[in-house]
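Just below is one structure, and these are the notes that go with it.
The values are calculated or read from the model by the stated rules, or taken from the named source; none is laboratory data. Source: prediction; values computed, not measured. Using ideal geometry, Cβ is built from the backbone for each residue, glycine included, and neighbour counts are taken over all protein chains shown. We work out accessible area using only protein heavy atoms, side chains counted, and drop any ligands, DNA or RNA first. Shrake-Rupley method; radii C 1.70, N 1.55, O 1.52, S 1.80 Å.
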Amino acid sequence: MKKLTYLLVVFAGIFIVASCNKTETYAEQKDRERALINKYIADSSVTVISEAQFFGQDSTTNLAKNEFVLFESSGVYMQIVRKGCGTKLKKGETATVLCRFIERNLKRGADSIQLTNESATYSSICDKMTVKNTAGTFTASFINGESVMYRIYQSASVPAGWLVPLTYINLGRPINEGDEIAKVRLIVPHTQGQAYASQNVYPCLYDITYERGR
């Protein structure tokens, strides 16, 4: 019953977004999305840094300054909370990656959780995806039956925004004391987002951890 209620709440929110969008042109929807992102940046005292600055400080973001790097080509903003233990996914390598995530629809507010696998309802499911690095380009798909994102949005496609961090973080499993898996925070525009965000033109804020599967 709790699971049904949770799903109804999620889809009700999505329906409201879709209904509002019917009265807007695509250009207006994009302007609204940009305004929502800018509002979050201002309200959260985010310091936006360029890719040049990001690379100049060894592909890190300063948490004390609440830095996010903006990738101009995709519009994705990324904050690396932890680079994680292990190693980066090598070119030509394919791996299973486990993710815990919190998804917030910025149209509904940065404090409003739209979907997560950290809730009591879905705590038993750690979203599992198959990721491949082809000459530095990452592709991925969620595994059916082992992903909340797949279950709710009915798509195996991993949001492109989720793949952006893979160039910069490590994938591993904690072995030694003090080992931690990678964690990032992302602002993802609809063009890089999940199916409903893409269709209804809204940005999402994500907290995601990445762990190499067995």
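Is at least one residue of the stretch 52-66 within 17 Å of the chain's Cα centre (by Cα), of a type in the set (S, T, N, Q) and either open to solvent by less than 60 Å² (accessible area, probe 1.4 Å) or on the phi < 0 side of the Ramachandran plot (or both)? Checked the stretch 52-66: at least one residue is within 17 Å of the chain's Cα centre (by Cα), of a type in the set (S, T, N, Q) and either open to solvent by less than 60 Å² (accessible area, probe 1.4 Å) or on the phi < 0 side of the Ramachandran plot (or both).
Looking only at the stretch 129-172, count how many residues are over 16 Å from A197 (Cβ atoms), open to solvent by less than 10 Å² (accessible area, probe 1.4 Å) and part of a helix (DSSP H, G or I). Residues flagged as over 16 Å from A197 (Cβ atoms), open to solvent by less than 10 Å² (accessible area, probe 1.4 Å) and part of a helix (DSSP H, G or I) within the stretch 129-172 amount to 2.
Residues that are part of a loop (DSSP other than H, G, I, E, B), touching a residue at least 60 places away in the same chain (Cβ under 8 Å) and farther than 14 Å from K83 by Cα within the stretch 177-193 comprise just one, P189.
Among the conditions (1) modelled with pLDDT under 95; (2) in contact with a helix residue (DSSP H, G or I) (Cβ under 6 Å, 6 or more places away or on another chain); (3) not small (G, A, S), F142 misses just one, which is (1). Among the residues that make up the stretch 20-40, is at least one of them at pLDDT 95 or above, of a type in the set (A, V, I, L, M, F, W, C) and exposed (fewer than 13 other Cβ atoms within 10 Å of the Cβ)? Yes, that holds for at least one residue. Inspect the stretch 7-18 for any residue being under 24 Å from M149 (Cα atoms), open to solvent by less than 60 Å² (accessible area, probe 1.4 Å) and either at pLDDT 95 or above or in a loop (DSSP other than H, G, I, E, B) (or both) and give the result as yes or no. No, there is no match, as no residue in the stretch 7-18 is under 24 Å from M149 (Cα atoms), open to solvent by less than 60 Å² (accessible area, probe 1.4 Å) and either at pLDDT 95 or above or in a loop (DSSP other than H, G, I, E, B) (or both). Of all residues in the stretch 179-214, those satisfying the criterion of being open to solvent by 20 Å² or more (accessible area, probe 1.4 Å), of a type in the set (S, T, N, Q) and touching a Pro at 6+ places or on another chain (Cβ under 9 Å) are Q192, S198. Taking the stretch 83-104 as the range and being outside any loop (DSSP other than H, G, I, E, B) and either charged (D, E, K, R) or on the phi > 0 side of the Ramachandran plot (or both) as the test, the residues that pass are R100, E103, R104. Number of residues in the stretch 113-136 that are under 16 Å from the mean Cα position of the chain (by Cα), more than 16 Å from V188 (Cβ to Cβ) and either modelled with pLDDT under 95 or among the aliphatic types (A, V, I, L, M) (or both): the value is 1.
Looking at R151, is it modelled with pLDDT of 95 or more and under 15 Å from the mean Cα position of the chain (by Cα)?
Details: modelled with pLDDT of 95 or more: yes; under 15 Å from the mean Cα position of the chain (by Cα): no.
So R151 fails the test.
Looking at the stretch 105-125 only, could you name the residues that are part of a loop (DSSP other than H, G, I, E, B), open to solvent by 40 Å² or more (accessible area, probe 1.4 Å) and not acidic (D, E)? K107, R108, A120, T121, S123, S124 - these are the residues of the stretch 105-125 that are part of a loop (DSSP other than H, G, I, E, B), open to solvent by 40 Å² or more (accessible area, probe 1.4 Å) and not acidic (D, E).
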